[in-house]
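Below you'll find the structure, written out as structure tokens, and then a few comments.
The values are calculated or read from the model by the stated rules, or taken from the named source; none is laboratory data. Since we're looking at a predicted model, the values are computed, not measured. No Cβ is skipped: glycine too gets one built from the backbone with ideal geometry, and neighbour counts run over all protein chains shown.
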Amino acid sequence: MAVRRHPSTLIRPILPTLFALASAGLLSNTVLHGNQPDITFVWSVFTVFLLRLIWKTAEYSSVGYFLITSHRILLVSWDTRHEPMKLPFPKVFTEMPFAKMTEVRLRRSSRGRLLGYGELIFESVLQDQALRTINYVPYPEVVFAKVRSVIFPSTKNAGRQAGPRQAGGGAGIGDDLGRAGAGPNAA
């Protein structure tokens, strides 16, 4: 199962770009009217914000997803730390095997509830785990239930004793979401 991150990841680059556009337009038509070098500078600053927005949109469309397989979860991202002037940046796959996971939780902020995204938090037996959280998960209840069903299969299939994780107690769906089994269209 491949899941693209929620489009609200683009809010942070969009808002400053809109503010820069409004500021550049306002300054060009009022305070700096007729002062060509200053107008050029103001619009150059706006261009920097616009290029950043284009960059973030390209990043979102090409590597803004994670994969859930039968044995692990993979987060796909760009590696911008090494050789920053080499384009295109190589994709980096950060993984966490399900066998090492002890718990998965869903956290939703008030903004996440309003916009429809959440954050998956993974607990592991590993001291230094590479994948601890995945932010901006769309349809968080559905993805959370899917991840939990893959990681912690039913007690008949896994041969485990029923505990709080398998029964939905503790950090289960009902506790984290306020309603058990709610889908993306639930009211």
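Some notes on this structure:
- Cβ separations smaller than 7 Å between residues 6+ apart or across chains give no pair from region 29-49 residues that are not assigned by TED's automatic domain parsing to the domain that holds P13 and small (G, A, S) to residues that are at pLDDT 95 or above and surrounded by fewer than 14 Cβ atoms within 10 Å (Cβ to Cβ).
- The criterion of at least 2 residues that are at pLDDT below 85 and farther than 23 Å from K146 by Cα is met by the following strands (runs of 3 or more DSSP E) wholly inside region 1-114: 91-97.
Results for (1) at pLDDT 50 or above; (2) in a strand (DSSP E or B); (3) within 13 Å of R105 (Cβ to Cβ); (4) of a type outside the set (K, R), shown as yes or no for each residue.
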| residue | (1), (2), (3), (4) |
| --- | --- |
| L120 | yes, yes, yes, yes |
| Q129 | yes, no, no, yes |
| V143 | yes, no, yes, yes |
| V147 | yes, no, yes, yes |
| K156 | no, no, no, no |
| R165 | no, no, yes, no |
| D175 | no, no, yes, yes |
| G181 | no, no, no, yes |
| N185 | no, no, no, yes |
